[in-house]
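Data first, discussion second: the structure below is written as structure tokens.
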Amino acid sequence: MTLRRHLLDPILHENPVTVQILGLCSALAVSRTLEPALIMAAAVTAVLVYSNLVISLLRHVLPGSVRLILEMTIIASGVIVVDEVLKTYAPAIAETLTVFVGLIITNCIVLGRAESFALRNGPLHSIADAVGNGIGYSLILLTVAAIRELVGTGSLFGVTLLPTLDAGGWYRPNHLMLYAPSAFFLIGFLIWGLRALAARHVATASTPVTRGQR
Amino acid sequence: MNMPVAGSQPESLPKTLAITVLIAACCATMVTAAVLTLRPMQAAYAAIERNRAIVAASNPALAEAGDSAIVTAYLALQRHLVDLRTGADIDDVDTVERWPSEADASRPGVPVYLRVRDGKLDCVVLPLDGKGMWSTLYAYLALEGDLATVRALSIYRHEETPGIGDRIQDPAWLAQWHGRRLYDSEGNVRLGEADAVDADFYIDTITGATVTSSAAIRMVRASLDTYQPILQSLATRFPTSRSTPKETAGATPP
């Protein structure tokens, strides 16, 4: 029962991006088109699952005095492996993601979940929490990327849906969507919308465990 | 929820040290294993991408071709390691990545790729490098068999600003290089001159990416001087070529 809650809560009610306002930096940077956003979402989810699992398994032996630096070591190693895998199997996409794969290390969702969840819970629940947060992050990233790519270029996954004027069609693309600030607006609207939907979050805005992480 | 949380009880120094070293060692092993397994594949992909840049310069129609078509086209090129100072062949090479700025007295060779048809030079591909805005630009320049006309420029590698400087890779910008002339009637390099009004020599910079696109033009112009000896010797080897670049003092062909 709680397992299911740990998996499902972060998808909407405790969404890391819209409710906890974490991981915005990469959500802004790689959401221009769907394909890199999808790869980024998968990479973040993979790192989250790995770091939550390992840190949860080590939670009784991690020395408190050097806890954070050890968590960073574990997360950084996982990110380097993911980066190398991407560079090998998807070199073109790895190039468009530039530094943002490496910056997963500093993605606050990863360390945030490790600190606030994996250190206190068993491996099974930690994996559920990681998958849930991964899906929650992916959902926002893909929504923003889908809107930006469709409105900005008239296509999804590079497939033209609205033929643009340049290509002899009728659609005049909104180039604002191709620039980073548009992601700010979209995420802002998403946060507003999702919070209005679940008005209880405004009322109980101080959810104890997840607050205070940046 | 359950069990004491890490850090809730005092630890002994030896235990802390032991766990830290152990975790660090495990992480290091994992990273090393991943890198060692994946590196050969990355190198192979990188080689194919380099071949693609070379082939795309010699024949822009192949820029998006499949990997096997690229390798076939690459292997059909004559590949020579040529002395940058004299233009003399040092060796036939297979897949050497060397750039003109790396050539020095002890290793003066750069790889030059020739496409020869019926004994006539169809085109020559030269590796170029030069300063961009943030990074070194690496590119391949293909010249027509007359050694005085650009066939294509193909950017191989750069780390310019994503979305701005990387527009030097846009096919639309690269297309304008095709058919541009290198020298005026007196043999001076005119290609890409800032005040060249003559459409034969004019290369437009990119609005918003002026620094990077100017740097790319400067790189091509500088390379024409660097490659002077090699172009001279090619002109001698393939005498059917129409015009020759201006002869500089001391480099008179035999």
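The values are calculated or read from the model by the stated rules, or taken from the named source; none is laboratory data. Everything numeric here is computed off the predicted structure, so don't read it as measured data. Using ideal geometry, Cβ is built from the backbone for each residue, glycine included, and neighbour counts are taken over all protein chains shown. These area figures cover heavy atoms from the full protein model, side chains too; ligands, DNA and RNA do not enter into them. Shrake-Rupley method; radii C 1.70, N 1.55, O 1.52, S 1.80 Å.
Nearest 100 Å², what total accessible surface is buried between chain A and chain B (probe 1.4 Å)? For chain A against chain B, roughly 2200 Å² becomes buried.
Mean separation of Cα pairs under 8 Å and 6 or more residues apart, divided by the residue count, gives chain A a relative contact order of 34 percent.
Couplings for region B:62-69, taken from phi via the Karplus curve 6.51 cos²θ - 1.76 cosθ + 1.60 with θ = phi - 60°, read 8, 4, 9, 5, x, 4, 5, 5 Hz in order; Gly and Pro are left as x. Per atom type, the protein assembly as shown shows carbon and sulfur on 63% of its accessible surface, probed at 1.4 Å.
The residues of region A:148-199 expose, per residue, 63 Å² of accessible area to a 1.4 Å probe. Sorted from longest to shortest, the spans of the Cα atoms of region B:153-214 along the three principal axes equal 40, 20, 17 Å.
Sum -39500 (n - 2.57) across every DSSP H segment of at least 4 residues in chain A, then divide by the residue count to get the 222 nm mean residue ellipticity, nearest 500.
It lands at -19000 deg cm²/dmol.
Residues of A:84-90, mean number of Cβ from any other protein chain within 10 Å of their own Cβ, rounded to a whole number?
5
Solvent exposure of B:Lys120, expressed as accessible area, is near 120 Å², computed with a probe of 1.4 Å over the protein chains only. Rg/Rh, computed from the Cα trace of chain A with Rh as the Kirkwood radius, has the value 1.01.
Compute, for chain B, the length of the dipole vector about the Cα centre, with Cβ point charges of +1 (Lys, Arg) and -1 (Asp, Glu) only. Units Debye, rounded to 20.
Using only the charged Cβ atoms, the result is roughly 340 debye.
Of the whole protein surface, A:Val99 contributes about 90 Å² of accessible area at a 1.4 Å probe radius. Mean residue ellipticity at 222 nm, helices only, chain B: -11500 deg cm²/dmol; runs of at least 4 DSSP H residues each add -39,500 (n - 2.57), and the sum is divided by the number of residues.
Computed with the Debye formula from one identical point scatterer per Cα of region B:78-248, without solvent, the log10 of I(q)/I(0) at q = 0.12, 0.19 Å⁻¹ comes to -0.53, -1.30.
Annotation for region A:90-192: chymotrypsin sites (Phe, Trp or Tyr not before Pro) lying in DSSP loop with at most 15 further Cβ atoms inside 10 Å of their Cβ are A:Phe157, A:Trp170, A:Tyr179. Along region A:49-61 the Karplus relation, 6.51 cos²θ - 1.76 cosθ + 1.60 evaluated at θ = phi - 60°, assigns HN-Hα couplings of 4, 4, 6, 4, 5, 5, 5, 5, 5, 8, 4, 8, 10 Hz to successive residues, with x for each Gly and Pro.
Between B:Lys15 and B:Ile164, 0.36 nm times their residue separation minus their Cα-Cα distance comes to what?
Once the chain is fully extended between B:Lys15 and B:Ile164, it gains 48.4 nm.
Under the criterion of Cα pairs below 8 Å and six or more residues apart, the relative contact order for chain B equals 15 percent. Translational diffusion of the protein assembly as shown, estimated by Stokes-Einstein from the Kirkwood radius over alpha carbon pairs at 10 °C in a medium of 1.306 mPa s, is 61 µm² per second. Amide H contacts of B:Asp122: B:Arg115, B:Val116, B:Arg117, each under 5 Å away and 5 or more positions distant or on a separate chain (H built 1.01 Å from N in the peptide plane; Pro and chain starts excluded). Projecting the Cα atoms of A:Ser155, A:Ala37, A:Ala167 onto the dipole axis of the protein assembly as shown, where Lys and Arg carry +1 and Asp and Glu carry -1 at the beta carbon, places A:Ala37 farthest toward the positive end. Averaged over its residues, chain B has an accessible area of 51 Å² per residue, based on protein heavy atoms and a 1.4 Å probe.
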